Amino acid sequence: MMEALILDVDGTLAETERDGHRVAFNRAFAEFGLDWYWDVSTYGKLLMVAGGKERIHHYIRVWRPAMPMYRDLDEFVVNLHRCKTGHYGEMIESGKLPARAGVLRLIDEARARGIKLGIASTTSPQNIEALLRSWYGQRWASMFVAVGAGDVVPRKKPDPGIYQYVLEQMGVAPERCVAIEDSAAGLAAANGAGVEVVVARSEYFRHQSFEGALAVLDELGEPDHPAQGVVRGEVWTGVVTIDALDGWLRQRLETQAPAQASGPGAQTTAG
């Protein structure tokens, strides 16, 4: 049944937002001579805006921080974000951002089982490359059939465009995929493209509502440290495996089939 696993990056593969991107933004601000500082609480609010460049624009428009005059604001934001991306890459290469529990195990299992791997993220391609290269070296690029990142589509999550792009690149039907996400925006984006989602709640988004997810868990789990959460309305403890994902997907599709069959236009046969 399951043919592909699609992964979000920030907050899903690693807790990158609080201890990675936020710190890199602040380093870029200092390098540009800006008297800006995004503390943990402020950055949590800014995360409601998807995309780093969009986040800077929103901060300028809503917070109205002190800043020098620039002839081209868009160019300024692009250059500032490029600087931030460089700082983030340096942090990744230093090994300061480890993978979340169960992530590398599940990726390795998917590859061993012949499950296609894809990335659907709003972060930049450079950020994704830096993170995955820190874990897998240069072979990371051959491990993923499709990488949807940054500005490859015009609108960020919760718009489903990034998932539609990845599905097309992978050549897989949405009902044959499971996505791993950490936010309500990611869940909405995947569901909007017809992809079922397992949520591994991250630090910033753990209190969001995840109605409609296959499962809502604290992490993916390891044999010596199982994940905890809710699957199909029932309390669940265990390790997320390909077999578990496939089983949850099958159960969801089986429960949807009777409703679809009894809907408008359904055919009946006399006995």
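Listing for the model above:
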{"read-out": "Any pair with Cβ under 6 angstrom, 6 or more apart, that starts in region 14-28 at a residue that is on the phi < 0 side of the Ramachandran plot and ends at one that is assigned to a helix (DSSP H, G or I) and basic (Lys, Arg)", "value": "Ala24/Lys84; Phe25/Lys84; Ala28/Lys84"}
{"read-out": "Among (1) of a type in the set (Phe, Trp, Tyr); (2) without any contact (Cβ under 8 Å) to a residue 60 or more places away in the chain; (3) buried (at least 20 other Cβ atoms within 10 Å of the Cβ), the one test that Tyr88 misses", "value": "(2)"}
{"read-out": "Lone unmet requirement of (1) at pLDDT 95 or above; (2) in a loop (DSSP other than H, G, I, E, B); (3) farther than 24 Å from Glu129 by Cα for Pro68", "value": "(1)"}
{"read-out": "Residue count for region 141-157, restricted to those that are modelled with pLDDT of 90 or more and either outside the structural domain of Glu109 (by TED's automatic domain parsing) or surrounded by fewer than 18 Cβ atoms within 10 Å (Cβ to Cβ) (or both)", "value": "7"}
{"read-out": "Unique residue being under 21 Å from Ser124 (Cβ atoms), in contact with a Cys (Cβ under 6 Å, 6 or more places away or on another chain) and not in a loop (DSSP other than H, G, I, E, B) when the list is Ala24, Ala28", "value": "Ala28"}
{"read-out": "Lone unmet requirement of (1) over 16 Å from Asn127 (Cβ atoms); (2) touching a strand residue (DSSP E or B) at 6+ places or on another chain (Cβ under 6 Å); (3) not charged (D, E, K, R) for Leu73", "value": "(2)"}
{"read-out": "Residue selected from region 144-170 under the condition touching a strand residue (DSSP E or B) at 6+ places or on another chain (Cβ under 6 Å) and in a helix (DSSP H, G or I), by the criterion farthest from Glu3 (Cα to Cα)", "value": "Ile162"}
{"read-out": "Set Arg232, Arg252: member being at positive phi and modelled with pLDDT under 95", "value": "Arg232"}
{"read-out": "Meets criteria (in contact with a helix residue (DSSP H, G or I) (Cβ under 8 Å, 6 or more places away or on another chain) and assigned to a helix (DSSP H, G or I)) for Lys45", "value": "no"}
{"read-out": "Test: residue in region 182-194 that is within 13 Å of the chain's Cα centre (by Cα) and outside any helix (DSSP H, G or I)", "value": "yes"}
{"read-out": "Of all residues in region 217-253 being in contact (Cβ under 8 Å) with a residue 60 or more places away in the chain and touching a Gly at 6+ places or on another chain (Cβ under 7 Å), the one that is surrounded by the most Cβ atoms within 10 Å (Cβ to Cβ)", "value": "Val240"}
{"read-out": "Matching residues in region 1-56 - criterion: being surrounded by fewer than 18 Cβ atoms within 10 Å (Cβ to Cβ) and hydroxyl-bearing (Ser, Thr, Tyr)", "value": "Tyr37, Ser41, Thr42"}
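Residue by residue, here is whether (1) over 20 Å from Val198 (Cβ atoms); (2) touching a Cys at 6+ places or on another chain (Cβ under 9 Å) holds:
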residue: Gln126; (1), (2): yes, no
residue: Ala130; (1), (2): yes, no
residue: Ser134; (1), (2): yes, no
residue: Gly137; (1), (2): yes, no
residue: Val153; (1), (2): yes, no
residue: Leu167; (1), (2): no, yes
residue: Cys177; (1), (2): no, no
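The values are calculated or read from the model by the stated rules, or taken from the named source; none is laboratory data. Predicted model, so just to flag it, every value in this text is computed and none were measured. For neighbour counting, all protein chains shown are included, and Cβ atoms are generated from backbone atoms with ideal geometry for every residue, glycine included.
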